[in-house]
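The values are calculated or read from the model by the stated rules, or taken from the named source; none is laboratory data. Bear in mind the structure is a predicted one, so any value in this text is a computation, not a measurement. Note that each Cβ is placed from the backbone with ideal geometry, even for glycine, and that neighbours are counted across all protein chains shown. Each accessible area value is taken on the protein alone, full model and side chains, heavy atoms only, with ligands, DNA and RNA left out. Shrake-Rupley method; radii C 1.70, N 1.55, O 1.52, S 1.80 Å.
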Amino acid sequence: MQISIRFLRACAFALPAAACLAANAADGDPAIEAIVKSISAQRIESTIRKLASFGTRNTLSDTVSETRGIGAARRWIKGELDRCAAASGARLQVAFDGHRVESGSRIPKPVDVVNVVATLPGEQAESRGRIYVVSGHYDSMPTDPADPVSDAPGANDDASGTALSMELACVMSRYKFDATLVFMAVAGEEQGLYGSEGFAKDARAKGLDIAGMFTDDIVGNSRAPDGHVERDRVRLFAEGVPNEKELPDAVRMALRTGGENDLPTRQLARFVKEAAARYVPDMKVDVIWRRDRFLRGGDHFPFLEAGYPAVRFTEPHENWDHQHQDVRVVDGVQKGDLPEFVDFAYVANVARVNAAALASLASGPSVPAGAEIEAFRLEPDTTMRWKANPEPDVAGYRIVWRATSVADWEHAKDVGNVTRVTLPVSKDDVQFGVQAYDRDGHLSVAAYPHPVRK
(Lines give C-alpha, C1' and ligand atoms only; values in the text may rest on other atoms or scores of the structure.)
Protein backbone atom coordinates (compact mmCIF):
# COMPACT_ATOMS: atom_id res chain seq x y z
CA MET A 1 0.00 0.00 0.00
CA GLN A 2 1.19 3.51 -0.77
CA ILE A 3 0.29 6.68 1.16
CA SER A 4 -3.15 5.68 2.32
CA ILE A 5 -6.49 7.32 1.75
CA ARG A 6 -7.13 6.17 5.33
CA PHE A 7 -4.46 8.64 6.47
CA LEU A 8 -6.09 11.47 4.54
CA ARG A 9 -9.50 10.63 6.02
CA ALA A 10 -7.87 10.76 9.47
CA CYS A 11 -7.17 14.42 8.75
CA ALA A 12 -10.78 15.12 7.81
CA PHE A 13 -11.59 17.05 10.95
CA ALA A 14 -8.89 19.70 10.97
CA LEU A 15 -6.22 17.58 12.62
CA PRO A 16 -3.08 19.74 12.87
CA ALA A 17 -0.98 19.28 9.74
CA ALA A 18 2.11 18.38 11.79
CA ALA A 19 0.15 15.56 13.42
CA CYS A 20 -1.03 14.44 9.98
CA LEU A 21 2.57 14.20 8.84
CA ALA A 22 3.57 12.24 11.93
CA ALA A 23 0.62 9.89 11.49
CA ASN A 24 1.53 9.38 7.86
CA ALA A 25 5.16 8.44 8.52
CA ALA A 26 4.25 4.77 8.53
CA ASP A 27 2.16 5.12 5.39
CA GLY A 28 4.79 6.36 2.97
CA ASP A 29 4.95 5.11 -0.60
CA PRO A 30 7.18 1.99 -0.60
CA ALA A 31 8.63 2.94 -4.00
CA ILE A 32 9.72 6.35 -2.72
CA GLU A 33 11.14 4.74 0.41
CA ALA A 34 13.11 2.33 -1.79
CA ILE A 35 14.45 5.19 -3.93
CA VAL A 36 15.60 7.07 -0.85
CA LYS A 37 17.34 3.96 0.52
CA SER A 38 19.04 3.30 -2.84
CA ILE A 39 21.00 6.57 -2.82
CA SER A 40 24.66 5.62 -2.40
CA ALA A 41 27.24 7.82 -0.67
CA GLN A 42 29.94 5.60 -2.16
CA ARG A 43 28.78 6.20 -5.74
CA ILE A 44 28.46 9.92 -5.05
CA GLU A 45 32.01 9.99 -3.66
CA SER A 46 33.33 8.17 -6.72
CA THR A 47 31.61 10.65 -9.04
CA ILE A 48 32.91 13.71 -7.16
CA ARG A 49 36.47 12.37 -7.15
CA LYS A 50 36.28 11.58 -10.86
CA LEU A 51 35.00 15.07 -11.69
CA ALA A 52 37.76 16.64 -9.60
CA SER A 53 40.34 14.52 -11.42
CA PHE A 54 39.81 16.47 -14.65
CA GLY A 55 41.95 19.21 -13.11
CA THR A 56 39.77 22.06 -14.23
CA ARG A 57 36.23 22.16 -15.59
CA ASN A 58 36.28 25.86 -16.33
CA THR A 59 33.82 26.71 -19.12
CA LEU A 60 36.72 28.18 -21.13
CA SER A 61 39.04 25.20 -20.61
CA ASP A 62 40.22 22.45 -22.99
CA THR A 63 37.49 20.62 -24.90
CA VAL A 64 39.76 18.22 -26.85
CA SER A 65 41.73 16.37 -24.16
CA GLU A 66 40.27 13.12 -22.86
CA THR A 67 41.72 13.64 -19.38
CA ARG A 68 41.62 17.36 -18.59
CA GLY A 69 39.16 20.18 -19.03
CA ILE A 70 35.44 20.67 -19.45
CA GLY A 71 35.16 18.70 -22.69
CA ALA A 72 36.50 15.53 -21.09
CA ALA A 73 34.24 16.07 -18.08
CA ARG A 74 31.03 16.45 -20.08
CA ARG A 75 31.79 13.44 -22.26
CA TRP A 76 32.40 11.37 -19.13
CA ILE A 77 29.14 12.60 -17.55
CA LYS A 78 27.20 11.70 -20.67
CA GLY A 79 28.86 8.29 -20.83
CA GLU A 80 27.86 7.53 -17.25
CA LEU A 81 24.28 8.63 -17.86
CA ASP A 82 24.18 6.62 -21.10
CA ARG A 83 25.04 3.52 -19.08
CA CYS A 84 22.21 4.25 -16.67
CA ALA A 85 19.91 4.83 -19.65
CA ALA A 86 20.78 1.39 -21.02
CA ALA A 87 20.05 -0.15 -17.62
CA SER A 88 16.65 1.59 -17.62
CA GLY A 89 15.68 -0.09 -20.88
CA ALA A 90 16.31 3.15 -22.78
CA ARG A 91 13.53 4.95 -20.89
CA LEU A 92 16.06 7.54 -19.70
CA GLN A 93 16.97 9.76 -22.66
CA VAL A 94 20.38 11.45 -22.56
CA ALA A 95 21.57 14.29 -24.79
CA PHE A 96 23.88 17.29 -24.98
CA ASP A 97 22.14 20.68 -24.89
CA GLY A 98 24.46 23.30 -26.40
CA HIS A 99 24.26 27.10 -26.36
CA ARG A 100 26.69 29.45 -28.14
CA VAL A 101 27.80 32.42 -26.03
CA GLU A 102 29.63 35.09 -28.04
CA SER A 103 30.77 37.33 -25.17
CA GLY A 104 30.09 38.36 -21.60
CA SER A 105 31.70 39.83 -18.50
CA ARG A 106 33.46 36.51 -17.87
CA ILE A 107 33.46 35.30 -21.50
CA PRO A 108 36.49 36.86 -23.27
CA LYS A 109 35.94 34.78 -26.41
CA PRO A 110 33.03 32.89 -27.99
CA VAL A 111 32.39 29.55 -26.32
CA ASP A 112 29.91 26.69 -26.55
CA VAL A 113 28.21 26.12 -23.20
CA VAL A 114 27.02 22.51 -23.19
CA ASN A 115 24.60 21.00 -20.69
CA VAL A 116 24.14 17.26 -20.26
CA VAL A 117 20.42 16.49 -19.95
CA ALA A 118 18.80 13.17 -18.97
CA THR A 119 15.02 13.01 -19.36
CA LEU A 120 12.73 10.37 -17.84
CA PRO A 121 9.34 10.78 -19.58
CA GLY A 122 6.21 10.46 -17.47
CA GLU A 123 3.97 7.43 -17.86
CA GLN A 124 0.57 9.11 -17.47
CA ALA A 125 -0.74 10.86 -20.57
CA GLU A 126 -2.42 13.62 -18.55
CA SER A 127 0.77 14.27 -16.54
CA ARG A 128 3.58 13.66 -19.04
CA GLY A 129 3.74 17.34 -20.01
CA ARG A 130 4.29 18.35 -16.39
CA ILE A 131 8.05 18.52 -15.82
CA TYR A 132 10.28 18.63 -12.74
CA VAL A 133 13.94 19.58 -13.18
CA VAL A 134 16.93 18.98 -10.89
CA SER A 135 20.39 20.29 -11.69
CA GLY A 136 23.95 20.75 -10.54
CA HIS A 137 26.58 22.72 -12.47
CA TYR A 138 29.60 20.76 -13.58
CA ASP A 139 31.81 23.72 -14.50
CA SER A 140 34.30 25.06 -11.96
CA MET A 141 36.58 28.05 -11.48
CA PRO A 142 39.82 29.05 -9.74
CA THR A 143 40.28 32.54 -8.27
CA ASP A 144 39.97 34.10 -11.74
CA PRO A 145 36.75 32.89 -13.37
CA ALA A 146 38.24 33.48 -16.85
CA ASP A 147 41.36 31.38 -16.12
CA PRO A 148 41.01 28.19 -18.21
CA VAL A 149 44.38 26.68 -17.25
CA SER A 150 44.86 26.69 -13.47
CA ASP A 151 43.59 23.77 -11.42
CA ALA A 152 39.97 24.17 -10.35
CA PRO A 153 38.86 20.79 -8.95
CA GLY A 154 35.43 22.13 -7.93
CA ALA A 155 34.70 19.20 -5.63
CA ASN A 156 32.02 20.97 -3.62
CA ASP A 157 31.20 23.79 -6.06
CA ASP A 158 29.65 22.02 -7.78
CA ALA A 159 30.73 18.43 -8.34
CA SER A 160 28.58 17.76 -5.27
CA GLY A 161 25.40 18.95 -7.00
CA THR A 162 26.38 17.31 -10.28
CA ALA A 163 27.00 13.97 -8.57
CA LEU A 164 23.65 14.32 -6.81
CA SER A 165 21.80 14.93 -10.08
CA MET A 166 23.56 12.00 -11.76
CA GLU A 167 22.83 9.68 -8.82
CA LEU A 168 19.14 10.58 -8.93
CA ALA A 169 18.99 10.00 -12.67
CA CYS A 170 20.49 6.54 -12.34
CA VAL A 171 18.41 5.47 -9.33
CA MET A 172 15.08 7.01 -10.32
CA SER A 173 15.21 5.79 -13.93
CA ARG A 174 14.52 2.31 -12.55
CA TYR A 175 11.05 3.49 -11.54
CA LYS A 176 7.99 4.86 -13.31
CA PHE A 177 6.34 8.20 -12.54
CA ASP A 178 3.24 9.98 -13.79
CA ALA A 179 5.06 13.23 -14.64
CA THR A 180 8.37 13.81 -16.43
CA LEU A 181 11.70 14.20 -14.62
CA VAL A 182 14.73 16.02 -16.06
CA PHE A 183 18.18 15.56 -14.52
CA MET A 184 20.79 18.09 -15.65
CA ALA A 185 24.49 18.82 -15.36
CA VAL A 186 24.79 22.39 -16.59
CA ALA A 187 27.81 24.45 -17.63
CA GLY A 188 28.57 28.17 -17.72
CA GLU A 189 27.30 28.80 -14.19
CA GLU A 190 30.47 30.49 -12.98
CA GLN A 191 30.55 32.70 -16.09
CA GLY A 192 26.97 33.92 -15.58
CA LEU A 193 24.40 31.07 -15.42
CA TYR A 194 24.62 30.60 -19.21
CA GLY A 195 23.76 26.90 -19.37
CA SER A 196 20.66 27.12 -17.20
CA GLU A 197 19.63 30.36 -18.91
CA GLY A 198 19.79 28.71 -22.34
CA PHE A 199 17.71 25.75 -21.16
CA ALA A 200 15.13 27.89 -19.33
CA LYS A 201 14.67 30.29 -22.25
CA ASP A 202 14.24 27.39 -24.68
CA ALA A 203 11.72 25.79 -22.33
CA ARG A 204 9.68 28.98 -22.13
CA ALA A 205 9.82 29.46 -25.90
CA LYS A 206 8.52 25.91 -26.36
CA GLY A 207 5.77 26.46 -23.80
CA LEU A 208 7.01 23.66 -21.55
CA ASP A 209 5.21 23.20 -18.24
CA ILE A 210 8.06 23.14 -15.73
CA ALA A 211 6.12 22.77 -12.49
CA GLY A 212 9.22 22.86 -10.29
CA MET A 213 12.98 23.24 -10.55
CA PHE A 214 15.66 22.37 -7.96
CA THR A 215 19.27 23.48 -8.21
CA ASP A 216 21.76 21.81 -5.88
CA ASP A 217 24.81 24.04 -5.64
CA ILE A 218 27.43 23.65 -2.90
CA VAL A 219 25.83 20.77 -1.00
CA GLY A 220 28.93 18.90 0.18
CA ASN A 221 30.38 20.65 3.23
CA SER A 222 29.14 19.93 6.75
CA ARG A 223 31.93 21.70 8.65
CA ALA A 224 31.58 25.39 9.49
CA PRO A 225 34.60 27.72 9.43
CA ASP A 226 34.70 27.58 13.26
CA GLY A 227 35.06 23.79 13.09
CA HIS A 228 31.67 22.61 14.27
CA VAL A 229 29.93 19.98 12.14
CA GLU A 230 26.25 20.00 11.15
CA ARG A 231 25.12 17.03 9.09
CA ASP A 232 21.37 17.11 9.67
CA ARG A 233 20.30 20.35 7.98
CA VAL A 234 20.18 21.79 4.47
CA ARG A 235 19.10 25.28 3.45
CA LEU A 236 16.40 25.69 0.82
CA PHE A 237 16.17 29.17 -0.67
CA ALA A 238 12.71 30.12 -1.96
CA GLU A 239 11.78 33.44 -3.52
CA GLY A 240 8.50 35.14 -2.66
CA VAL A 241 7.47 38.04 -4.87
CA PRO A 242 9.18 37.88 -8.30
CA ASN A 243 11.87 40.44 -9.02
CA GLU A 244 9.93 42.13 -11.83
CA LYS A 245 9.01 45.75 -12.53
CA GLU A 246 5.59 44.75 -13.83
CA LEU A 247 3.98 42.01 -11.76
CA PRO A 248 1.51 39.56 -13.30
CA ASP A 249 -2.14 40.00 -12.33
CA ALA A 250 -2.14 36.77 -10.31
CA VAL A 251 0.78 38.01 -8.20
CA ARG A 252 -0.81 41.42 -7.67
CA MET A 253 -4.02 39.73 -6.53
CA ALA A 254 -2.12 37.51 -4.11
CA LEU A 255 -0.36 40.54 -2.65
CA ARG A 256 -3.67 42.29 -2.06
CA THR A 257 -4.73 39.39 0.17
CA GLY A 258 -1.43 38.87 2.00
CA GLY A 259 -0.38 35.96 -0.20
CA GLU A 260 3.25 36.94 -0.73
CA ASN A 261 4.29 33.70 1.02
CA ASP A 262 1.84 31.62 -1.00
CA LEU A 263 3.14 32.13 -4.53
CA PRO A 264 4.20 28.99 -6.46
CA THR A 265 7.88 28.88 -5.45
CA ARG A 266 7.10 29.02 -1.74
CA GLN A 267 4.32 26.47 -2.12
CA LEU A 268 6.93 24.24 -3.79
CA ALA A 269 9.31 24.79 -0.85
CA ARG A 270 6.61 23.78 1.64
CA PHE A 271 5.99 20.61 -0.34
CA VAL A 272 9.72 19.77 -0.33
CA LYS A 273 9.92 20.29 3.42
CA GLU A 274 6.94 18.00 4.03
CA ALA A 275 8.31 15.28 1.73
CA ALA A 276 11.64 15.39 3.55
CA ALA A 277 9.91 15.15 6.94
CA ARG A 278 8.08 12.04 5.73
CA TYR A 279 10.91 10.17 4.00
CA VAL A 280 14.18 11.61 5.38
CA PRO A 281 13.28 12.53 8.96
CA ASP A 282 16.90 12.83 10.04
CA MET A 283 17.43 15.78 7.65
CA LYS A 284 15.86 19.15 8.41
CA VAL A 285 14.99 21.31 5.42
CA ASP A 286 15.52 24.86 6.61
CA VAL A 287 13.46 27.01 4.22
CA ILE A 288 14.95 30.48 3.78
CA TRP A 289 12.39 33.01 2.49
CA ARG A 290 14.88 34.58 0.11
CA ARG A 291 15.91 34.10 -3.54
CA ASP A 292 19.51 33.28 -2.56
CA ARG A 293 22.35 34.36 -0.30
CA PHE A 294 23.61 37.95 -0.42
CA LEU A 295 26.06 38.64 -3.28
CA ARG A 296 25.44 35.18 -4.73
CA GLY A 297 23.29 33.51 -7.38
CA GLY A 298 22.48 30.15 -8.88
CA ASP A 299 20.95 28.21 -11.72
CA HIS A 300 17.43 28.63 -10.37
CA PHE A 301 17.53 32.33 -11.31
CA PRO A 302 16.89 31.85 -15.06
CA PHE A 303 13.96 29.54 -14.28
CA LEU A 304 12.45 32.09 -11.91
CA GLU A 305 12.92 34.78 -14.54
CA ALA A 306 11.15 32.54 -17.08
CA GLY A 307 8.19 32.31 -14.70
CA TYR A 308 8.82 28.82 -13.31
CA PRO A 309 8.83 27.85 -9.59
CA ALA A 310 12.46 27.21 -8.65
CA VAL A 311 14.42 26.70 -5.42
CA ARG A 312 18.05 26.28 -4.38
CA PHE A 313 19.59 23.71 -2.00
CA THR A 314 22.82 24.75 -0.25
CA GLU A 315 24.75 23.44 2.76
CA PRO A 316 24.15 25.20 6.12
CA HIS A 317 27.67 26.58 6.56
CA GLU A 318 29.98 27.59 3.70
CA ASN A 319 33.76 27.75 3.94
CA TRP A 320 35.12 30.33 1.50
CA ASP A 321 38.66 28.94 1.77
CA HIS A 322 37.32 26.12 -0.42
CA GLN A 323 35.26 28.11 -2.92
CA HIS A 324 36.53 29.97 -6.00
CA GLN A 325 40.14 29.64 -4.81
CA ASP A 326 43.39 28.67 -6.52
CA VAL A 327 44.72 25.46 -5.00
CA ARG A 328 47.55 26.58 -2.69
CA VAL A 329 48.66 26.74 0.94
CA VAL A 330 48.60 30.14 2.66
CA ASP A 331 50.04 30.46 6.19
CA GLY A 332 49.60 26.74 6.67
CA VAL A 333 45.95 26.79 5.50
CA GLN A 334 44.99 24.68 2.50
CA LYS A 335 42.99 26.68 -0.02
CA GLY A 336 41.02 25.26 -2.92
CA ASP A 337 37.90 23.17 -3.55
CA LEU A 338 39.36 19.69 -2.99
CA PRO A 339 37.57 16.36 -2.43
CA GLU A 340 39.15 16.04 1.02
CA PHE A 341 36.81 18.80 2.22
CA VAL A 342 33.61 17.13 1.04
CA ASP A 343 31.40 15.12 3.41
CA PHE A 344 30.11 12.47 1.00
CA ALA A 345 27.55 11.07 3.45
CA TYR A 346 26.11 14.57 3.81
CA VAL A 347 25.78 14.93 0.01
CA ALA A 348 23.94 11.60 -0.03
CA ASN A 349 21.46 12.84 2.57
CA VAL A 350 20.78 15.99 0.55
CA ALA A 351 20.28 13.71 -2.47
CA ARG A 352 17.74 11.71 -0.46
CA VAL A 353 15.78 14.88 0.30
CA ASN A 354 15.80 15.77 -3.41
CA ALA A 355 14.74 12.24 -4.35
CA ALA A 356 11.87 12.14 -1.87
CA ALA A 357 10.53 15.49 -3.07
CA LEU A 358 10.95 14.77 -6.79
CA ALA A 359 9.38 11.32 -6.55
CA SER A 360 6.46 12.70 -4.54
CA LEU A 361 5.92 15.53 -7.04
CA ALA A 362 6.15 13.29 -10.10
CA SER A 363 3.87 10.65 -8.57
CA GLY A 364 1.17 13.09 -7.51
CA PRO A 365 -1.44 15.23 -9.26
CA SER A 366 -0.96 18.73 -10.64
CA VAL A 367 -1.78 21.84 -8.63
CA PRO A 368 -5.58 22.38 -8.67
CA ALA A 369 -6.45 25.12 -11.17
CA GLY A 370 -8.84 28.00 -10.70
CA ALA A 371 -8.81 27.94 -6.89
CA GLU A 372 -10.98 30.75 -5.51
CA ILE A 373 -12.49 31.99 -2.27
CA GLU A 374 -16.04 33.25 -2.64
CA ALA A 375 -16.13 36.77 -1.17
CA PHE A 376 -19.80 37.41 -1.86
CA ARG A 377 -20.95 38.64 1.54
CA LEU A 378 -19.90 39.23 5.14
CA GLU A 379 -20.01 35.85 6.88
CA PRO A 380 -17.99 33.81 9.41
CA ASP A 381 -17.50 30.77 7.15
CA THR A 382 -15.27 30.32 4.09
CA THR A 383 -16.43 28.85 0.79
CA MET A 384 -13.81 27.73 -1.74
CA ARG A 385 -14.08 26.33 -5.25
CA TRP A 386 -11.68 25.04 -7.89
CA LYS A 387 -11.62 23.17 -11.16
CA ALA A 388 -11.48 19.37 -11.24
CA ASN A 389 -8.01 17.99 -11.91
CA PRO A 390 -7.41 16.34 -15.29
CA GLU A 391 -5.66 13.23 -13.95
CA PRO A 392 -7.90 10.12 -14.09
CA ASP A 393 -6.69 8.78 -10.74
CA VAL A 394 -7.49 11.88 -8.65
CA ALA A 395 -9.55 10.68 -5.68
CA GLY A 396 -10.24 13.93 -3.84
CA TYR A 397 -9.03 17.22 -2.42
CA ARG A 398 -7.62 18.50 0.84
CA ILE A 399 -7.89 21.99 2.32
CA VAL A 400 -4.93 23.20 4.39
CA TRP A 401 -4.64 26.40 6.37
CA ARG A 402 -2.43 28.30 8.80
CA ALA A 403 -2.31 31.57 10.68
CA THR A 404 -1.16 34.44 8.46
CA SER A 405 1.98 34.87 10.59
CA VAL A 406 3.02 31.18 10.37
CA ALA A 407 5.19 29.67 7.63
CA ASP A 408 3.92 26.07 7.48
CA TRP A 409 0.45 24.56 7.25
CA GLU A 410 -1.10 24.03 10.68
CA HIS A 411 -4.39 22.30 9.81
CA ALA A 412 -5.69 19.97 7.12
CA LYS A 413 -9.14 18.67 6.17
CA ASP A 414 -9.99 16.08 3.53
CA VAL A 415 -13.15 17.25 1.76
CA GLY A 416 -13.56 14.35 -0.66
CA ASN A 417 -13.96 14.42 -4.42
CA VAL A 418 -15.75 17.75 -4.70
CA THR A 419 -14.87 21.10 -6.27
CA ARG A 420 -16.65 23.40 -3.82
CA VAL A 421 -16.69 23.35 -0.04
CA THR A 422 -17.65 25.54 2.92
CA LEU A 423 -15.61 25.42 6.13
CA PRO A 424 -16.43 26.99 9.52
CA VAL A 425 -13.16 28.95 9.47
CA SER A 426 -12.89 32.69 8.89
CA LYS A 427 -11.07 33.65 5.70
CA ASP A 428 -10.10 36.90 7.42
CA ASP A 429 -7.79 35.17 9.89
CA VAL A 430 -5.91 32.46 7.96
CA GLN A 431 -4.23 31.53 4.69
CA PHE A 432 -5.78 28.61 2.80
CA GLY A 433 -4.45 26.14 0.25
CA VAL A 434 -6.11 23.47 -1.90
CA GLN A 435 -4.36 20.16 -2.66
CA ALA A 436 -5.45 17.28 -4.88
CA TYR A 437 -4.67 13.67 -3.99
CA ASP A 438 -4.77 10.51 -6.06
CA ARG A 439 -5.97 7.00 -5.26
CA ASP A 440 -2.62 6.15 -3.70
CA GLY A 441 -2.69 9.24 -1.48
CA HIS A 442 -0.01 11.23 -3.32
CA LEU A 443 -0.62 14.94 -2.79
CA SER A 444 -0.18 17.87 -5.13
CA VAL A 445 1.50 21.14 -4.30
CA ALA A 446 -1.03 23.51 -2.76
CA ALA A 447 -2.91 26.12 -4.80
CA TYR A 448 -3.52 29.56 -3.35
CA PRO A 449 -7.22 30.46 -3.66
CA HIS A 450 -7.78 34.01 -4.89
CA PRO A 451 -10.86 35.92 -3.73
CA VAL A 452 -13.66 36.36 -6.24
CA ARG A 453 -16.73 38.58 -5.99
CA LYS A 454 -20.04 38.13 -7.78
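Being under 18 Å from residue 290 (Cβ atoms) and either hydrophobic (A, V, I, L, M, F, W, C) or part of a loop (DSSP other than H, G, I, E, B) (or both) is the filter here; which residues of segment 223-237 pass it?
Filtering segment 223-237 for residues under 18 Å from residue 290 (Cβ atoms) gives 233-237.
234, 236, 237, listed by residue number.
Among the residues of segment 121-140, which ones are open to solvent by less than 20 Å² (accessible area, probe 1.4 Å) and more than 16 Å from the chain's Cα centre (by Cα)?
Matches in segment 121-140: 122, 127, 138, 139, 140.
Considering only residues that are open to solvent by 60 Å² or more (accessible area, probe 1.4 Å) and closer than 21 Å to residue 213 by Cα, which ones fall in segment 251-283?
Listed by number, the residues that qualify are 260, 264, 273.
Would you check which residues across segment 146-178 are open to solvent by 20 Å² or more (accessible area, probe 1.4 Å) and not in a helix (DSSP H, G or I) and list them? I'd like the intermediate steps shown before the answer.
Filtering segment 146-178 down to residues open to solvent by 20 Å² or more (accessible area, probe 1.4 Å) leaves 146-151, 170, 174-176, 178.
Within segment 146-178, 146, 147, 148, 149, 150, 151, 174, 175, 176, 178 qualify.
Only one of 154, 212 is touching a residue at least 24 places away in the same chain (Cβ under 8 Å), under 27 Å from residue 41 (Cα atoms) and in contact with a Ser or Thr (Cβ under 6 Å, 6 or more places away or on another chain). Can you tell me which?
Numbers: 212 fails: in contact with a Ser or Thr (Cβ under 6 Å, 6 or more places away or on another chain).
When all the criteria are applied, what remains is 154.
How about segment 184-202: which of its residues are among the hydroxyl-bearing types (Ser, Thr, Tyr) and in contact with a helix residue (DSSP H, G or I) (Cβ under 8 Å, 6 or more places away or on another chain)?
First, the residues of segment 184-202 that are among the hydroxyl-bearing types (Ser, Thr, Tyr): 194, 196.
Correct list: 196 only.
Name every residue in segment 257-272 that is β-branched (Val, Ile, Thr) and either within 12 Å of residue 408 (Cβ to Cβ) or part of a helix (DSSP H, G or I) (or both), in order of residue number. Write out each step before concluding.
First, pick out the residues of segment 257-272 that are β-branched (Val, Ile, Thr): 257, 265, 272.
Within segment 257-272, 265, 272 qualify.
What are the residues in segment 99-112 that are outside any strand (DSSP E or B) and either in contact (Cβ under 8 Å) with a residue 40 or more places away in the chain or under 19 Å from residue 169 (Cα atoms) (or both), if any?
Let us first name the residues in segment 99-112 that are outside any strand (DSSP E or B), namely 102-103, 105-106, 108-110.
Once the filter is applied, which keeps residues that are outside any strand (DSSP E or B) and either in contact (Cβ under 8 Å) with a residue 40 or more places away in the chain or under 19 Å from residue 169 (Cα atoms) (or both), segment 99-112 yields 105, 106, 108, 109.
Which of (1) touching a Lys or Arg at 6+ places or on another chain (Cβ under 6 Å); (2) open to solvent by 60 Å² or more (accessible area, probe 1.4 Å) does residue 228 not meet, given it meets every other one?
So the condition that residue 228 fails would be (1).
Only residues that are assigned to a strand (DSSP E or B) and more than 30 Å from residue 335 (Cβ to Cβ): list them for segment 113-133, please. Reasoning before the result, please.
From segment 113-133, those assigned to a strand (DSSP E or B) are 113-120, 130-133; that's our starting set.
Passing the criteria: 117, 118, 119, 120, 130, 131, 132, 133.
Is one or more of the residues making up segment 422-431 in contact (Cβ under 8 Å) with a residue 24 or more places away in the chain, under 20 Å from residue 270 (Cβ atoms), under 25 Å from the mean Cα position of the chain (by Cα) and open to solvent by less than 30 Å² (accessible area, probe 1.4 Å)?
yes
Please find, within segment 27-57, the residue that is most open to solvent (accessible area, probe 1.4 Å) out of those that are of a type in the set (D, E, K, R) and part of a helix (DSSP H, G or I). Don't jump to the end; show me each part of the working.
Restricting attention to segment 27-57, the residues satisfying the condition of being of a type in the set (D, E, K, R) are 27, 29, 33, 37, 43, 45, 49-50, 57.
Applying the additional criterion that residues be part of a helix (DSSP H, G or I) yields 27, 33, 37, 43, 45, 49-50.
Values: 27: 22, 33: 65, 37: 167, 43: 101, 45: 59, 49: 114, 50: 78 Å².
In this case the residue turns out to be 37.
Of all residues in segment 179-197, count the ones that are open to solvent by 20 Å² or more (accessible area, probe 1.4 Å) and either aromatic (Phe, Trp, Tyr) or not in a helix (DSSP H, G or I) (or both).
Selection size over segment 179-197: 2.
If you take the residues in segment 404-421 that are hydrophobic (A, V, I, L, M, F, W, C) and more than 26 Å from the chain's Cα centre (by Cα), which one is surrounded by the fewest Cβ atoms within 10 Å (Cβ to Cβ)? Give the derivation first.
So in segment 404-421, the residues hydrophobic (A, V, I, L, M, F, W, C) come out as 406-407, 409, 412, 415, 418, 421.
Okay, now just the ones that are also more than 26 Å from the chain's Cα centre (by Cα), so 415, 418, 421.
On the way: 415: 17, 418: 11, 421: 16.
Only one residue fits best here, namely 418.
Where residues in segment 238-256 are without any contact (Cβ under 8 Å) to a residue 24 or more places away in the chain, outside any loop (DSSP other than H, G, I, E, B) and not charged (D, E, K, R), which of them is nearest to residue 313 (Cα to Cα)?
Per the criteria, the residue is 251.
I need a count of the residues in segment 58-89 that are part of a helix (DSSP H, G or I) and farther than 23 Å from residue 195 by Cβ.
Kept after step one, since they are part of a helix (DSSP H, G or I), are these residues of segment 58-89: 70-87.
Applying the additional criterion that residues be farther than 23 Å from residue 195 by Cβ yields 86-87.
Here the count works out to 2.
Which members of segment 198-220 meet the condition of being over 19 Å from the mean Cα position of the chain (by Cα) and part of a loop (DSSP other than H, G, I, E, B)?
Correct list: 207 only.
Could you say whether any residue in segment 346-356 is of a type in the set (Phe, Trp, Tyr), in a helix (DSSP H, G or I) and touching a Lys or Arg at 6+ places or on another chain (Cβ under 7 Å)?
Initial filter on segment 346-356 (of a type in the set (Phe, Trp, Tyr)): 346.
When the remaining residues are screened for being in a helix (DSSP H, G or I), the result is 346.
Within this subset, residues satisfying the condition of being touching a Lys or Arg at 6+ places or on another chain (Cβ under 7 Å) are 346.
Looking through segment 346-356, at least one residue is of a type in the set (Phe, Trp, Tyr), in a helix (DSSP H, G or I) and touching a Lys or Arg at 6+ places or on another chain (Cβ under 7 Å).
So which residues in segment 273-304 are of a type in the set (Gly, Ala, Ser) and not in a helix (DSSP H, G or I)? Lay out the reasoning, then the answer.
To start, the set of residues in segment 273-304 that are of a type in the set (Gly, Ala, Ser) comprises 275-277, 297-298.
Selection gives 297, 298.
Would you mention how many residues in segment 357-374 are aliphatic (A, V, I, L, M), touching a Ser or Thr at 6+ places or on another chain (Cβ under 9 Å) and either open to solvent by 50 Å² or more (accessible area, probe 1.4 Å) or outside any helix (DSSP H, G or I) (or both)?
Step one: list which residues in segment 357-374 are aliphatic (A, V, I, L, M), which gives 357-359, 361-362, 367, 369, 371, 373.
In the following step, the residues that additionally are touching a Ser or Thr at 6+ places or on another chain (Cβ under 9 Å) were identified as 361-362, 367, 373.
Cutting the leftovers down to either open to solvent by 50 Å² or more (accessible area, probe 1.4 Å) or outside any helix (DSSP H, G or I) (or both) gives us 367, 373.
Within segment 357-374, residues that are aliphatic (A, V, I, L, M), touching a Ser or Thr at 6+ places or on another chain (Cβ under 9 Å) and either open to solvent by 50 Å² or more (accessible area, probe 1.4 Å) or outside any helix (DSSP H, G or I) (or both) number 2.
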